[in-house]
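Trainee: Quick one: the structure is below, and I'll ask about it shortly.
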Amino acid sequence: MTAFSRTLIFVATLACAAAAAPAQDANKILDEFIKASGGPRSLRKLLAVSFEGTVTRPGDEKSGTYTLHLKSPNRYYLEIAFNAQPEIFAYNGKSAWRENSVGELGTLTGPEALELEAAAQLSNSHFLNRNKSKTAALFAGTEPLNGRNALHIELTSQSGVKHQLFFDPQSHLLLKESFPLAGQPQEIMYDDYRPESGVQFAHKLRLRRGGESFLVEISQVASNPVIGERVFDFPKKSQVQLPDLKKLFEEIDANQKAIDKIRENYSGRRSEEETEMDKNGKTAKHETHDYTFFYLNGEEVSTLVAKDGKALDPSEQEKENQRIRKRIEEIQKQQSKKEAKEEKRKEEGKEKKDSDDPGIEIFLRVCQFVNPRHERFRGEDVLVFDFEPNPEYKSRSLVESIVQKLAGVVWIDEKAHQVARIEAYFVGDAKIGGGLLANLQKGSSFIDEQAFINNEVWLPTYQEAHIGARFLLVKGIKVNEVTRYTDYKRFNIETLNTISKPKEADQPSNPQ
């Protein structure tokens, strides 16, 4: 289905303040922390760790319990409870979720989900294998902290989430960490380091989240305990029985094919914002493009009307219109060939192969589904469940091999039987042409949303991608891209052959 296939086919450095640690020494500072914490060998053996303790809220002097479970590669469970009313933040390797202190539970989306995913990845990495995880490190100078000039490192995850780290220049241990978590800024001060199984852990924390502060005393640290996956999953009380997925996916595919024809009655606007990052996580290039578009034979035909907020001049627009006319002719020729092929197939009595028109059913073959639950999304009742690769399935095509590298979460509108939203990331490298042509790197992720427009048709509304890739074994890129679809209108197919310079009303507005 298109929500899947669209995607599949698809600050400053303060060196003068730190003579002992110039900007290029960010990785050296992190390596010194790794050594001071117990060394890379001990940290690599640390595949899981649990912290238990007490928490005090200075504002009202109330006391409670503190629990943090980490499990490699990216499982995370944080619970702070007062009067047996826990606030929980968790990431289970596929989706991020939160339960507040009054028992309200929900899947996190957008930046909140990315922030929790980044916290899970970083907490489990112990700052090892930064290149492999596409984590950029930048030295950002020094900052006075508890009478010391702490060394400030900014880490940027592959999805663009930034963590600020402050290290003691003498002990090389972490003094402070600040990062966004589920939509709010969070700051943690670390103190009272003690060795546990050969690794140094802070036993006193001062945590500030939003407008609240907490004092945490760690009483127990368990290295490599047995932590089941259920710890990180949605509470069982919130889960429901999965429906017959084969029947559901068949209905989704059937709906999509019917909708593809209705889509051709609509045109709209699309704005793209693309940011390319350098190896330090800083912006190397930022571009915006605005398009008008319509659908033809299932294809989205887009006309560029502005770059970086500036409309194309008349000669540029005419070239673009010529390109679109050629594109329309190509699509029409492809459709004619497809219809001729289909007619010949029918005459010969041959059945259509699944690979001729891959849809959502491909996920039934290569993935497994867990944690089904009912939630509200954009004001509608939705069925939400996580998916992950099925390790027992052997892929038989390029598309299957790519899908089998994905894990994530999907929201399905239960009344319409349509995918309203999908979030997914690559759990391993997805190689095209054996990696010779392209290699979509582990950790690359995407978000895709669509909505019911004009009480008639489902159309895309939002896409987001965080891509690390290497092409032809040489060129490596790290790109973040956000696409927004707006201004849908009924479209007259007869205007296909009269494409011209956009009218004043068609000129791009400033992106939100």
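Since every read-out is calculated from the coordinates, none of them should be taken as a lab result. Nothing here was measured: the structure is a model prediction, and the numbers come from that model. Here the Cβ positions follow ideal geometry from the backbone for every residue, glycine too, while neighbour counts run over all protein chains shown.
Trainee: Starting from the Cα of Ala416, step 7 Å along the direction of its Cβ; do the same at Glu61; then give the gap between the two resulting points in nm.
Mentor: The answer from the label model is 5.5 nm.
Trainee: Right, another one. Return Glu300, Glu154 ranked ascending by Cβ neighbour count within 10 Å, so the fewest neighbours appear first.
Mentor: By the 10 Å Cβ count, ascending: Glu300, Glu154.
Trainee: Sticking with this one: Suppose only helical runs count, i.e. DSSP H with n ≥ 4. What mean residue ellipticity at 222 nm does that imply for the chain under -39500 (n - 2.57) per run, divided by all residues and rounded to the nearest 500 deg cm²/dmol?
Mentor: It comes out at -6500 deg cm²/dmol, rounded to the nearest 500.
Trainee: Along the charge dipole of the chain, Cβ charges K/R +1 and D/E -1, which of Ser157, Gly408, Pro195 sits furthest on the positive end?
Mentor: Farthest along the dipole direction, towards plus: Pro195.
Trainee: Please give, to one decimal in nm, the separation of the simple spin-label points placed at Gln241 and Thr283, each 7 Å out from Cα toward the Cβ.
Mentor: 5.2 nm
Trainee: Let me ask something additional. Using mean Cβ contacts within 10 Å as the protection proxy, how do 31-40, 59-68 order, highest first?
Mentor: Those peptides, ordered most packed to least, come out 31-40, 59-68.
Trainee: Pull out the extension gain between Glu274 and Ile331, defined as 0.36 nm times the separation in residues minus the alpha carbon to alpha carbon distance; nm, one decimal.
Mentor: Fully extending the segment from Glu274 to Ile331 adds 17.8 nm.
Trainee: Give me the dipole magnitude in Debye, nearest 20, for the stretch 14-236 about the Cα centre, with unit charges on the beta carbon: positive for Lys and Arg, negative for Asp and Glu.
Mentor: That gives the stretch 14-236 a dipole magnitude of about 700 debye.
Trainee: Quick check on packing: order 314-322, 94-102, 125-133 by the mean number of other C-beta atoms within 10 Å, highest mean leading.
Mentor: Descending mean neighbour count gives 94-102, 125-133, 314-322.
Trainee: With a sphere of radius 12 Å drawn around the Cβ of Pro58, what net charge do the other residues whose Cβ falls strictly inside it have (Lys, Arg +1; Asp, Glu -1)? Mind dumping the intermediate values first?
Mentor: On the way: positive: Arg57, Lys62, Arg206, Arg208; negative: Asp60, Glu61, Glu212.
Taking every other residue near Pro58 into account, the sum is +1.
Trainee: Ranked from highest to lowest mean number of other Cβ atoms within 10 Å per residue, what is the order of the peptides 232-243, 112-123, 414-425?
Mentor: Numbers: 232-243: 14.5, 112-123: 23.3, 414-425: 20.2.
Highest to lowest by the protection proxy: 112-123, 414-425, 232-243.
Trainee: For a 27 Å ceiling on Cα separation, which of these pairs sit above it: Lys344/Lys394; Lys237/Lys405; Lys337/Lys431; Lys71/Lys132?
Mentor: Lys344/Lys394; Lys237/Lys405; Lys337/Lys431
Trainee: A further question follows. Stick to the Cα atoms of the stretch 14-236, pair each with every other, and give me the Kirkwood hydrodynamic radius in Å at one decimal. Before the final figure, lay out each step's value.
Mentor: Details: mean 1/r = 0.0556 Å⁻¹.
For the stretch 14-236, the Kirkwood estimate is 18.0 Å.
Trainee: What FRET efficiency, computed as 1/(1 + (r/R0)^6) with R0 = 41 Å and r the Cβ-Cβ distance, is obtained for Ser219 and Lys132, rounded to the nearest 0.05?
Mentor: Approximately 0.75, to the nearest 0.05.
Trainee: Related question: When the chain is fully extended, how far beyond the present Cα-Cα distance does Arg230 get from Glu212, taking 0.36 nm per residue of separation?
Mentor: Full-extension gain reported as 3.5 nm.
Trainee: Give me the distance in nm between label points sitting 7 Å out from Cα along the Cα-to-Cβ direction at Arg345 and Asp313, one decimal.
Mentor: Each label point lies 7 Å from its Cα, and together they span 4.8 nm.
Trainee: Note down the magnitude of the dipole of the chain about its Cα centre, charges +1 on Lys and Arg C-beta and -1 on Asp and Glu C-beta and zero elsewhere, to the nearest 20 debye.
Mentor: So the magnitude is around 1300 debye.
Trainee: Specify which residue in the list Leu138, Pro235, Gly39 is farthest towards the positive end of the charge dipole of the stretch 14-236, using unit charges on the beta carbon of Lys, Arg (+1) and Asp, Glu (-1), about the Cα centre.
Mentor: With unit charges placed on the Cβ atoms, the residue in question is Gly39.
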